[in-house]
């Protein structure tokens, strides 16, 4: 029992030393000892182990303060990497991320989704070729995660609801047998939400609303994606906004999807997003009216979320790059007009991770797992 206790202590010290270096990006040995209340010999032994395992590197020397220059200790960002894939109707995107979530290499594949073996084999072999091309050893690649439009089972193996791509029932085996190694599936909205949370760790509890062609949403609770008992946690898109209203692809009417998605905006405007916002910004009265109506719909959805969850809201997705601070202020005014409660300026903010957040979030699924288990 005593030897087990010593082993656990050594493992905990090693984990704490690595976590400190990872979190601080660069530091000195003496700083680690002081922060973790460890002796210098203990820190030195852990650093030796981490250097030999190729998890940390020497980043040079600090400026001298009168004595011997201290070494700058840094994590080797690509000691481990992970592959994230995003599958959409008309194309797929793959990215390789390091331990800090930096995209090291990416690629895209123009291929219309089909629920058949021809499609699965094409995407699977494409992912396999990408992994071979990045030239990392197999023990450096933490895993492959595929974000898709569809609700995924809590074991991350099967799409249990997939009306957009008609991919209900698709499971990891459809891809992994062509990739040549295991993978997991993730709901794309939840993956994108996790990416934003990872890059902004100060955001502990947040609701993400993605104004994509099809509306998406997800909630982060205590830095974790909230899935719910049946993997249906936070499906704002199918909350009934106007009962008996517009027809939704799910077969029901009045869903938030029908009023707050990018598709709904483009259908109302009769033009694509680029054209709509170009005309909006030059003062088109018609577009201003359409945009105000859209923001009113969105404010109602946000108000309902605030009343149920009392979480800060992050707006992302395809419409996000077109939105400016004036749009955000107007949206806040609309939400405040509905509420008897104070709504602070910080209650609604705009997404910062704009570069394929679902693919990045998929890769970060494995990065977070590695960091938690180190």
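The values are calculated or read from the model by the stated rules, or taken from the named source; none is laboratory data. Computed from a predicted structure; not experimentally measured. Cβ coordinates were reconstructed from backbone atoms using ideal geometry, including for glycine residues, and neighbour counts include every protein chain displayed.
Points worth noting:
- Tabulated pairs, region 321-348, first without any contact (Cβ under 8 Å) to a residue 12 or more places away in the chain, second buried (at least 17 other Cβ atoms within 10 Å of the Cβ) and outside any helix (DSSP H, G or I), C-beta under 8 angstrom, 6+ apart or interchain: 336/343
- Boolean, residue 114 is assigned by TED's automatic domain parsing to the domain that holds residue 182, more than 16 Å from residue 362 (Cα to Cα) and in a helix (DSSP H, G or I): no
- Cβ pairs under 6 Å, 6+ apart, first in region 212-224 and at pLDDT 85 or above, second in a strand (DSSP E or B) and surrounded by fewer than 22 Cβ atoms within 10 Å (Cβ to Cβ): 220/206
- With respect to being buried (at least 18 other Cβ atoms within 10 Å of the Cβ), out of contact with any strand residue (DSSP E or B) (no Cβ under 7 Å at 6 or more places or on another chain) and over 29 Å from residue 88 (Cα atoms), residue 303 fits the description.
- Residue check for residue 131: part of a helix (DSSP H, G or I), out of contact with any helix residue (DSSP H, G or I) (no Cβ under 6 Å at 6 or more places or on another chain), buried (at least 18 other Cβ atoms within 10 Å of the Cβ) and modelled with pLDDT of 95 or more: yes
- Residues in region 217-250 that are farther than 16 Å from residue 196 by Cβ and in a loop (DSSP other than H, G, I, E, B): 18 in all.
For (1) in contact with a helix residue (DSSP H, G or I) (Cβ under 8 Å, 6 or more places away or on another chain); (2) assigned by TED's automatic domain parsing to the domain that holds residue 221; (3) more than 30 Å from residue 101 (Cβ to Cβ); (4) surrounded by 17 or more Cβ atoms within 10 Å (Cβ to Cβ), each residue gets a yes or a no:
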position: 295; (1), (2), (3), (4): yes, yes, yes, yes
position: 298; (1), (2), (3), (4): yes, yes, no, yes
position: 307; (1), (2), (3), (4): no, yes, yes, no
position: 311; (1), (2), (3), (4): yes, yes, no, yes
position: 316; (1), (2), (3), (4): yes, yes, no, yes
position: 328; (1), (2), (3), (4): no, yes, no, no
position: 334; (1), (2), (3), (4): yes, yes, yes, yes
position: 343; (1), (2), (3), (4): yes, yes, yes, yes
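- Residue check for residue 288: without any contact (Cβ under 8 Å) to a residue 12 or more places away in the chain and in a helix (DSSP H, G or I): yes
- Which listed residue, of 109, 96, 104, is modelled with pLDDT of 95 or more, buried (at least 19 other Cβ atoms within 10 Å of the Cβ), touching a strand residue (DSSP E or B) at 6+ places or on another chain (Cβ under 9 Å) and assigned to a strand (DSSP E or B): 96
- Of residues in region 81-93 being free of Cβ contacts under 8 Å to residues at least 40 places away in the same chain and in a strand (DSSP E or B), the one farthest from residue 199 (Cα to Cα): 91
Condition check ((1) under 21 Å from the mean Cα position of the chain (by Cα); (2) more than 16 Å from residue 92 (Cα to Cα)) across all residues:
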{"site": "136", "(1), (2)": "no, yes"}
{"site": "150", "(1), (2)": "yes, no"}
{"site": "157", "(1), (2)": "yes, yes"}
{"site": "169", "(1), (2)": "no, yes"}
{"site": "173", "(1), (2)": "no, yes"}
{"site": "182", "(1), (2)": "yes, yes"}
{"site": "200", "(1), (2)": "yes, yes"}
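- When region 38-66 is filtered for residues that are farther than 24 Å from residue 136 by Cα, out of contact with any helix residue (DSSP H, G or I) (no Cβ under 9 Å at 6 or more places or on another chain) and either at pLDDT 95 or above or in a helix (DSSP H, G or I) (or both), only 41 remains.
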